[in-house]
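Note sheet for the following structure.
A short reminder: the numbers here are calculations on the coordinates, not readings from a lab. Note that the structure is a prediction, hence the values are computed from the model and not measured. All Cβ positions, even for glycine, are placed from backbone atoms using ideal geometry, and neighbour counts span all protein chains on display.
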Amino acid sequence: MSPDHLSATLSALADPTRRAILARLSLGETSVKELAEPFAMSLPAVSKHLKVLEKAGLISRGREAQWRPCRLDPGPLRDVAAWLEHYRVFWDQSLDRLESMILELRTEDQNAALSLSPPSQGEGGE
């Protein structure tokens with residue numbers, strides 16, 4: 001994926017309205033009118049969001065007589081997921097190292113506490 005394509009995808013995903021539209025389209029294709037229903041905005045405003053999503057390659061719009069369905073195109077989302085995978089691996093490795101360090105410190109603290117505790121006296125000794 002080219003950096004410009006990735007930038008367009010991430011820019012399109014930056015808006016919560018566009019993410020909500022994609023979430024709805026993940027359930028199946030639908031019309032612009034149906035997509036606009038849950039939003040307190042005009043149909044032209046929703047159309048502007050759809051143009052951004054379409055330009056980023058996240059949706060496609062068809063023409064079937066009077067009905068103009070919109071559908072999700074998951075390709076760019078797969079590309080973003082692949083790009084993020086590198087960072088997921090980085091964070092997993094970092095968190096694994098942190099967990100190891102914490103376990104090591106706990107073990108050291110427990111050993112230090114045991115060495116500082118007074119020796120236990122046997123039964124009946126005094």
Check: What relative contact order, as a whole-number percentage, does the chain give when Cα pairs under 8 Å and 6 or more residues apart are counted?
Finding: 23 percent
Notebook entry, point to check: aspartates and glutamates within cross-link reach of Lys55: Cα-Cα under 17 Å, excluding same-chain residues under 8 positions apart?
Noted result: Asp4, Asp15, Asp73, Asp79
Check: So which trypsin sites (Lys or Arg not before Pro) in region 1-72 end up in coil per DSSP with only 15 or fewer other C-beta atoms within 10 Å?
Finding: Arg63
Margin query: Is there a quick way to get the dipole size of region 3-73? I mean about its Cα centre, with the Cβ of Lys and Arg at +1 and of Asp and Glu at -1; what is the value in debye to the nearest 20?
Written below: 140 debye
Check: If you plug each phi of region 8-19 into the Karplus form 6.51 cos²θ - 1.76 cosθ + 1.60 with θ = phi - 60°, what whole-Hz ³J(HN,Hα) values come out, in order, with x for Gly and Pro?
Finding: 5, 5, 5, 5, 5, 6, 5, 9, x, 5, 5, 5
Notebook entry, point to check: Add -39500 (n - 2.57) for each DSSP H run of 4 or more in the chain, then divide by its residues: what number comes out at 222 nm, to the nearest 500 deg cm²/dmol?
Noted result: -21500 deg cm²/dmol
Next item on the list: Using amide H atoms built 1.01 Å from N in the peptide plane, name the residues 5+ places from Ser31, or on other chains, whose amide H lies under 5 Å from its own.
Entry: Cys70
Notebook entry, point to check: Among residues other than Leu103 whose Cβ falls under 15 Å from its Cβ, what is the net charge (Lys/Arg +1, Asp/Glu -1)?
Noted result: -3
Next item on the list: Please pull out the direction-averaged projected area of region 4-58, using the convex hull of its alpha-carbon atoms, in nm² to one decimal place.
Entry: 3.5 nm²
